[in-house]
1. How high is the FRET efficiency from Glu92 to Glu70, r the C-beta distance, R0 22 Å, rounded to 0.05?
2. Efficiency by 1/(1 + (r/R0)^6): what FRET value for Ser82 and Leu42, r their Cβ-Cβ distance, R0 = 41 Å, to the nearest 0.05?
3. Output the peptides 77-88, 30-41 sorted from most to least packed, where packing is the average of other Cβ atoms within 10 Å over each peptide's residues.
Amino acid sequence: MVRRLWSEHPQQNHLTGITTFDDFESSSPEDILLGQLDTIDLHHGVYSANPPYNVIEVVGTPLTDRVKSELSEYGFNEFFASPAGFTAKRTEP
């Protein structure tokens with residue numbers, strides 16, 4: 001699925017494109033996501049991007065109370081579940 005999306009959106013770059021994480025042998029998809037939030041924020045947040053990211057689309061991890069709680073610490077306050085995962089939005093930090 002990711003390879004198809006990459007080929008459909010070749011104009012995307014490291015700030016606007018699709019990033020994958022997989023370490024499913026040692027962690028759950030939810031744990032992988034939560035473990036990467038600091039890195040995502042560092043690379044795409046106010047200190048690294050102008051404008052910083054304000055939407056995160058997650059595929060492969062459901063929207064749980066734990067995920068909502070962690071993302072709310074980064075200012076995300078709108079959440080939309082989808083069959084494949086979820087989208088979280090915030091106003092620009």
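Values quoted throughout were computed directly from the atomic coordinates according to the rules given, and no laboratory measurement underlies them. None of the values given here were measured: they were computed from a predicted structure. In this analysis, Cβ positions are derived from the backbone assuming ideal geometry, glycine residues included, and neighbour counts consider all displayed protein chains.
1. Values: r = 20 Å, r/R0 = 0.89.
Calculated value: 0.65.
2. On the way: r = 26 Å, r/R0 = 0.63.
Calculated value: 0.95.
3. On the way: 77-88: 13.8, 30-41: 15.3.
Highest mean packing first, the order is 30-41, 77-88.
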